[in-house]
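Note sheet for the following structure.
The values are calculated or read from the model by the stated rules, or taken from the named source; none is laboratory data. Just so you know, these numbers come straight off a predicted model, no measurement behind them. No Cβ is skipped: glycine too gets one built from the backbone with ideal geometry, and neighbour counts run over all protein chains shown.
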Amino acid sequence: MKIADIVYDVFEILNQLEDDRDIDELWLLSKINSYRAIAIQDEYKTTREINPIWLQRVRKFAFKRVNAADDSNVTNGSITIGKYSLPSVIGLPDDQGINRVAGSSAIRTLDFIDFNTMMLKAELEDVEPGYGYYSKIQNDIYCWPFLLEGSAVVIAENPFDIPEINTGDLAAKEPSVLDNYPIDAANAQKIILEILTKEFQINMKSISDITNDSQSQLKLLTSNVPT
């Protein structure tokens, strides 16, 4: 699934309707991301499950070492923890917008706990070998014991904030509308319909007439669009 396919269908429907309004593509991309977030939140409310297609991996970032002098959330001056600011994630119950965080070096497993509990464990030095903890305050993640590097799996508000990786050399590349877009085909169709009906006030009968007549010219919308 590519966001370019969603953009194409929106413009194709407008073209078929001879709607020649000037559309800012950046505005359209922003609307697609907004309706994607709504679709994910609605589906999660119904299923209480994370669809793996929503997920993106933030690879190999460096934690910053912080203490009470650097960060007001750290209240004990003798404790040093790690901090990293993630891109904005979609708000889901139980902080599922951040699906998981992993560490490197000797600590490989990080368990999520609330921030106050993590600070208490840090004060007591309560941790098993090979384990650690992470917590979240808005889009900042904290870890203890301190780690040099980590990675995360998230459901980003704007998927373009998470660069794709060139699998040959693991180097990040600039985001593109031709990159894989983290949404399934069914929700992509819903996003297109939401934009057409809510942002452009096009009625479903008009959209259905076009999909029935020109299905082969569309990337995602099919002839079974409801009227």
Of the conditions (1) touching a helix residue (DSSP H, G or I) at 6+ places or on another chain (Cβ under 9 Å); (2) farther than 30 Å from Met119 by Cβ; (3) surrounded by 17 or more Cβ atoms within 10 Å (Cβ to Cβ); (4) not hydroxyl-bearing (Ser, Thr, Tyr), the single one that Leu17 does not satisfy is (3)
Being modelled with pLDDT of 95 or more, surrounded by 14 or more Cβ atoms within 10 Å (Cβ to Cβ) and either in contact with a strand residue (DSSP E or B) (Cβ under 7 Å, 6 or more places away or on another chain) or part of a loop (DSSP other than H, G, I, E, B) (or both): is that true of Ile38 here? no
Residues of the range 11-35 being modelled with pLDDT under 95 and within 16 Å of Leu193 (Cβ to Cβ), in sequence order, are Phe11, Glu12, Ile13, Leu14, Gln16, Leu17, Asp19
Of the candidates Gly132, Gly97, Gly82, the one satisfying the condition of being under 22 Å from the mean Cα position of the chain (by Cα) and either surrounded by 15 or more Cβ atoms within 10 Å (Cβ to Cβ) or closer than 22 Å to Glu157 by Cα (or both) is Gly97
Restricting attention to the range 135-162, the residues that are more than 24 Å from the chain's Cα centre (by Cα) and not assigned by TED's automatic domain parsing to the domain that holds Gly91 number exactly 0
Exercise for review: For Phe160, indicate whether it is more than 22 Å from Val89 (Cα to Cα), touching a residue at least 40 places away in the same chain (Cβ under 8 Å) and aromatic (Phe, Trp, Tyr).
Suggested key: no
